[in-house]
Each structure stands twice: as C-alpha cells, then as structure tokens.
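Where a number appears in this text, it was derived from the coordinates with a stated rule and is not lab data. What you see is a predicted model; the values in this text were computed from it and never measured. Note that each Cβ is placed from the backbone with ideal geometry, even for glycine, and that neighbours are counted across all protein chains shown.
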Amino acid sequence: MNYTLADRYLLTFTLRDDGSSRFAKANRWGLFPSAAFAWRIKDEAFLKNVNAITELKLRLGWGVTGQQDIGNDYPAQALYITSSEGSYYYIDGQYLPTLRPNAYDPNIKWESTTTQNAGIDFGFAKDRIKGSVDIYKRTTKDLLNTVTIPSGSNFSNTLLTNVGSLENKGFEVSLDLVPISTQNMNLTLGFNFTYNKNTITKLLMSNDPNYIGILYGDAFTGQKQVTRVGYAPYSFFVNKQVYDANGNPVEGLYVDLSGQGGTVNGNNDDKYIYHNPVPDYLLGFSARFSYKKFDLSMSTRTSIGNYVYNQLAAGASYDQMSQIGYWKNFPTFLSDTKFVKRQFTSDYFVSNASYFKIDNLSAGYNFDKIYKSLGARLSFTVQNLMTITKYKGLDPEVPGGIDNNFYPRPRTFMLGINLNF
C-alpha cells in the first residue's frame, strides 16, 4: 500500500506471507510486515523558494524479512540414513546395511531479521552536490545452532534448532560531486563510506558464560576461528605468541592465559579471540573526467580493519622442506619465523589486511569521422590495477579470512575499438 498526502508525506506498507515446505505444517508460514515513511522537506513552504537547496528528504523504515535457506533441505522431518560399510550387520551369511534415524526438530522455523533505519537525502547547488546519510540496526533471531540436548530426548545428544541471534548496526554515507560542468569539460566525483559492527548476542537456549562457542578448523591445522556471544562471527581463536628480546617469535611458546602452567602445543584453554575477518570501515571513490572527445574514469575502494589468518605462512617450516626425500621450494615467510615445526594456532599469523585497491582505470577517445560516415571510439582499460597493503600474502581480500593460497586475481589489460557507420 502506498499513500501520499499533499505530495510531501509518503507512507508505504507491505505484508508478505511466505510458505516453505522445509518446515512442519505448524511453522510453514511466516508473516513479514514492513513500513516506511518519507517527508519531502524541500517541498514545504519554508524551503520551497530556497534555490540553494534542490533536495531534502527524511526517510524512516522498519521491516521484517524471513530466511528459509538453512542448510538441511527438510530439517523438520524424520529421516533415516543407511549405515556406513563398516557398520553393516552379519545376518544369514551376508553383511547387510541398517537404517539409522537422524535427530530432527519438528518445531524448527523461519529465521527472521528486523531492520530499522533512518536516512536523509540532500542536494545543493542544482544537484552538483548531492548524497545521503543512513543509520541502521538489524537484529536477526531464531538463528540455527547445533546445541547439546538431554540424552534420550531425540536420536542424538545434539540437535540443530532455532536458538541464536545476532545484531548489525552502523551507518552509510554517499556523496556525489560535480566540481566542473561546462560545454567542453566535465568532472564527476563519487564517494561512499560504510561502518558496520556485527555482534553475536545469543547461541544457546540459555545463557552460559562458559560456552566456548562454535569452533571452525580441522584436526590437522587446528581450530582457528570461533563464533561466540559478544563477538563478531568467525573471529580468530588463537594462542598468544611469546617473543624473545629481539622481537622474534619463540617457537611453540605461548602466553599462559588459563593460568594452568603454560603450554607448548596451544590448547583451547589458552586461546583467546584476536580480531576478525570483517572490516570496520569500507570506503569507495569513483571519478569521471571528460574534455571534448577524451574521457578518463577510475574506481577505487578501501577496506579498513579486516584481518586475515595466513595459513600458508603458518604451514612453512624447516621440517616440511625435505619430507618427500629432496629439498623443495618453500615460502619466504619462513625467513621471518625460522620455525622448525609448523605453528598453526599462533596469533603471529593473524595480520592486518587493510587495503586500498584501484579496481578499474579506463581512458577513451571518440573519433567522429574517420572516413565519410565512419566513426570510432578507441579505449584502453586496466582492471585490478593496483593494491596497497601491509599484508604479506598474495592478496589481502580473502573470503572467510583464512588465506590458504587461493587462485590469484588477474590484472587485465583491454584495448578496444568500436566502429560506427
């Protein structure tokens, strides 16, 4: 429903009733409302004749959205799976598989996210200066987590169910400028700035201050990330490295955070949360310049506060150089640590991966008439032109925050000719 009063006050209301066969009949449908209000302040009598202001609008919004993409296709249904080959039963001269029931929650339901936002749009000097400012808060509840349940209450002592919640809050700013606008020359600049804080607020049915959280990793390289109440998801969970008098890491020696007498292997009791992969701030900048038939454009972005665990560096050690019977190449990171054994849980390998990137640089020239009615445009474009960062790995932009030597992003050079006739 859209309602407008006096061309200045705008109200929008929506209502979604979504159904999914992934849930049991009682929880199959989710009702998700939203409402928004806007006030065109510029059209009020006290601003209508102020020519310096071309746009001024206040916006308020609230809404709920649902999420049914929760991993298991049908988590509310009782399912049976065939036993693995080593668990067959010997019956009447042959090994036969059995069927095993899986734990399930018939009351599992939609995850839901409630968003509140307030914003203002503005424009000055005939829209040569325009932009917007938004603040928001998103609260997600009924997140799925595997929790411990009483023995005998289901077909397992753990169960995937709706227990978690998280909160996102921050603000966004965008600004567009036109410093030069003449018949032969034009310059347009664009800026955007985003701040976001992501915090887990609940993971269990009841609050347990001793709950370590959801750990991520493997038996070979160790558990290096955790989702815990009060922190961002997938925060790094590592041991605090001890350094010698010269500032070099001491192999296998970590700070005794648990007070249990120290450790050389790095167990979970001595680990702590040390940063996370999500940036605190994102900035973007774009520019386009044209002079008669020539044009030049560029787009850049900056990420501040994102951290990366360099697993490639953590796996570099002297004992790995000749495991296959001969000396092999190894990363130059080993020259910094000189570790004999690999140290996969040291916070030494969690690095600030803030970066500045020039994603695109393009230049072009238009030829009106080369021969009779034949026209052309010549252009040259470079993608992934430059990255400025202190991170020593291949690329600071690592999905998930674990750098395990992913395929590098290419730098692309393109020369283009476009003919018109």
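Odds and ends about this structure:
- Selection count where residues are in a strand (DSSP E or B), surrounded by 15 or more Cβ atoms within 10 Å (Cβ to Cβ) and touching a helix residue (DSSP H, G or I) at 6+ places or on another chain (Cβ under 8 Å), scope region 56-87: 2
- Evaluation of Gly152 against (1) buried (at least 16 other Cβ atoms within 10 Å of the Cβ); (2) over 30 Å from Gly190 (Cβ atoms); (3) small (Gly, Ala, Ser) (one fails), failing number: (1)
- One residue alone among Val340, Val350 is closer than 30 Å to Gln223 by Cβ and touching a Lys or Arg at 6+ places or on another chain (Cβ under 9 Å), and that residue is Val350.
- Among (1) in a strand (DSSP E or B); (2) more than 30 Å from Gly213 (Cα to Cα); (3) in contact (Cβ under 8 Å) with a residue 24 or more places away in the chain; (4) out of contact with any helix residue (DSSP H, G or I) (no Cβ under 7 Å at 6 or more places or on another chain), the one test that Tyr90 misses: (3)
- Residues that are touching a residue at least 40 places away in the same chain (Cβ under 8 Å) and either under 30 Å from Pro277 (Cα atoms) or among the hydrophobic types (A, V, I, L, M, F, W, C) (or both), drawn from region 355-377: Tyr355, Phe356, Lys357, Ile358, Asp359, Asn360, Leu361, Ala363, Phe367, Leu374, Ala376
- Restricting region 1-52 to residues that are surrounded by 13 or more Cβ atoms within 10 Å (Cβ to Cβ) and β-branched (Val, Ile, Thr), the residue that is nearest to the chain's Cα centre (by Cα): Thr12
- Set Ile135, Ile180, Ile214: member being under 30 Å from Tyr291 (Cα atoms) and hydrophobic (A, V, I, L, M, F, W, C): Ile180
- Search result, residues across region 398-421 that are buried (at least 18 other Cβ atoms within 10 Å of the Cβ) and not in a strand (DSSP E or B): Val398, Gly401
- Failed criterion for Ile108 (all others in (1) within 28 Å of Ser156 (Cα to Cα); (2) loosely packed, with under 13 Cβ neighbours inside 10 Å; (3) among the hydrophobic types (A, V, I, L, M, F, W, C) hold): (2)
- Being charged (D, E, K, R) and part of a strand (DSSP E or B) is a description that applies to Lys141.
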